[in-house]
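Visitor: Okay, here's the structure, questions in a sec.
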Amino acid sequence: MSDKDDRPGGVSRRNFLKSTGVAGVAATIIAPAAGLAAQSGPKTLGPGEVPVRLNVNGRQLDLMIEPRVTLLDALRMRADLTGNKRGCDRGACGACTMLVDGRTVYACSTLAIDVQGKTIRNVDGLARDGQLHPVQQAFCDKDALMCGFCTPGFVMASVGLLEKHPNPTPEQIKKGLDGNICRCGTFTRIFEAVSSVKGVQRG
């Protein structure tokens, strides 16, 4: 390539080198600016422990936990609320089911830090003044448990269902409990227990 191309619209070597040099400098200047813009996004938490405040069963819990800690681990390992169990640990069996703002969640798949400021209920908080919750009593009366490992999750799912549908149809019961698994196969007794409960008020 000659130093200067005299053809109309031609590109000289000098002009080519100038333009690529400017582009490189511009990229060098713009890249840090873009990085700063990205850093000004949501505040990064962790990886160490951070303060987390939870409202569980009407009681305030102040914990120091890593942001990656699940609601199930926070309550079982840090708050000694061991009623709900860890089954599959992947949101498939429902043994860890809790209520957050009245909706059922898999506590093994929910970050504790994400439910701050919300009302959390687990099976440890259902009984009041030495009296079982009507759903717990119905599970006892109908013999709706065998090994009992899945029972806390079923109870919480049932409470959530009955608070939403005080007189559920069979289809509503099946749909409301379809996220929970009993490996002992006590589904018929569980269905009878939930069907027998009347007048559950929203907690």
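The values are calculated or read from the model by the stated rules, or taken from the named source; none is laboratory data. Keep in mind that what you see is a predicted model, and the values were worked out from it rather than measured. Glycine also receives a Cβ, built like all others from the backbone with ideal geometry; neighbour counts cover every protein chain displayed. Ligands, DNA and RNA are excluded from the accessible area calculation, which covers all protein heavy atoms including side chains. Shrake-Rupley method; radii C 1.70, N 1.55, O 1.52, S 1.80 Å.
Visitor: Hey, can you tell me all the residues within the stretch 147-181 that are assigned to a helix (DSSP H, G or I), surrounded by fewer than 19 Cβ atoms within 10 Å (Cβ to Cβ) and in contact (Cβ under 8 Å) with a residue 60 or more places away in the chain?
Guide: Within the stretch 147-181, GLU163, LYS164 meet the criteria.
Visitor: Same structure, new question: If CYS88 satisfies all but one of (1) open to solvent by less than 70 Å² (accessible area, probe 1.4 Å); (2) touching a residue at least 24 places away in the same chain (Cβ under 8 Å); (3) part of a loop (DSSP other than H, G, I, E, B), what's the number of the condition it fails?
Guide: (2)
Visitor: Evaluate the following for GLY83: is it touching a Pro at 6+ places or on another chain (Cβ under 7 Å), part of a loop (DSSP other than H, G, I, E, B) and in contact (Cβ under 8 Å) with a residue 24 or more places away in the chain?
Guide: yes
Per-residue answers, yes or no, for (1) of a type in the set (Val, Ile, Thr); (2) touching a Gly at 6+ places or on another chain (Cβ under 7 Å):
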{"position": "LEU81", "(1), (2)": "no, no"}
{"position": "CYS96", "(1), (2)": "no, yes"}
{"position": "LEU111", "(1), (2)": "no, no"}
{"position": "ILE120", "(1), (2)": "yes, no"}
{"position": "ALA127", "(1), (2)": "no, no"}
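Visitor: Restricting attention to the stretch 37-80, and to residues there that are touching a Leu at 6+ places or on another chain (Cβ under 8 Å) and part of a helix (DSSP H, G or I), which single residue is nearest to ASP124 (Cα to Cα)?
Guide: Filtering the stretch 37-80 for residues that are touching a Leu at 6+ places or on another chain (Cβ under 8 Å) and part of a helix (DSSP H, G or I), the one nearest to ASP124 (Cα to Cα) comes out as LEU75.
Visitor: Might you let me know whether the stretch 38-47 holds any residue that is at pLDDT below 60 and exposed (fewer than 12 other Cβ atoms within 10 Å of the Cβ)?
Guide: Scanning the stretch 38-47, I find at least one residue that is at pLDDT below 60 and exposed (fewer than 12 other Cβ atoms within 10 Å of the Cβ), so the answer is yes.
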